[in-house]
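Heads up: the structure comes next, in structure tokens.
The values are calculated or read from the model by the stated rules, or taken from the named source; none is laboratory data. All of these numbers come straight from a predicted model, not from anything done at the bench. Please note: Cβ atoms are built from the backbone with ideal geometry, for glycine as well, and neighbour counts cover all protein chains shown.
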């Protein structure tokens, strides 16, 4: 992504939803443009503006604004959390395959990381029994990502509650990456935030995925663990200290209109998934496709070639960027496909032409 994201003409692996202009966002409320122009550009509150924290807390059933800590995107929140909670020698279990920071930051601290792998033949489903076998007296943290990047896996509410019960039994903290929460293909399948299921758990959210506003660089954690919250708030004084005032204003505006944004992005996702179903049915010789349950990414298996060679040749010859599964972990002959943006059809046409010539 670092090499090709801003040079490849056809991005087919982006993980975010369709974005919008500042003007389009401001148009969602009658006086928003005036208020934005009058915004004072001084320092903001380190914890996040009270208005923004209220809107974020409303996404959960039990969290209060005082239990929300706003960060500069999800990346800072992951980094700060790991450095507050972990020390060298701690044991961490991470749902795999995983977004790099969810495991690599822990490794950098000196923790031991064990992957909790889903079964690709079962839609990347996880088994609680597999997790139980990985646990040890030194297990400090279990990291999950629901809905999952890159596979689109989404467990049941019963599974989430069972995991929360296991946390209370064994004493580990659940760090739940929930950045795609709200983009379930069937809204009835949306899970409770883990902050609502376990008073020691941490829920991670961000404006980039479900809401399509990556440029705001606004993320957050929500937790009912007061000691952990205070430690993270103190640690943040040594990273960003506080967030951008314009970004906090616009994120607050967006969350007040969250239902409209989610409805728009779900419509894009549904249309793109229908197109992907047709495409992969026509190219079943090349790919093993499984329709995801939620989010904006899927992880089909490449049958016909080595994935690193395939992706490198594809972007050089056809300008189509797919993310090879080996960037998650060695041996994954899969590609990450993103379907949250409106321009997917152009990339599919280019990919079809490339496959026809190969």
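Summary of computed values
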item	result
Residues of region 231-257 satisfying the condition of being part of a loop (DSSP other than H, G, I, E, B) and in contact (Cβ under 8 Å) with a residue 40 or more places away in the chain	237, 239, 240, 241, 242, 243, 244, 257
Among residues of region 305-317, those that are buried (at least 21 other Cβ atoms within 10 Å of the Cβ) and touching a helix residue (DSSP H, G or I) at 6+ places or on another chain (Cβ under 8 Å), counted	1
Search result, residues across region 23-60 that are out of contact with any helix residue (DSSP H, G or I) (no Cβ under 6 Å at 6 or more places or on another chain), loosely packed, with under 15 Cβ neighbours inside 10 Å and touching a residue at least 60 places away in the same chain (Cβ under 8 Å)	28, 29, 35, 40, 42, 43, 45, 58
Wholly enclosed strands (runs of 3 or more DSSP E) of region 100-190 bearing at least 3 residues surrounded by fewer than 19 Cβ atoms within 10 Å (Cβ to Cβ)	112-117
Candidates 126, 131, filtered to the one that is outside the structural domain of residue 300 (by TED's automatic domain parsing), modelled with pLDDT of 95 or more and under 23 Å from residue 288 (Cα atoms)	126
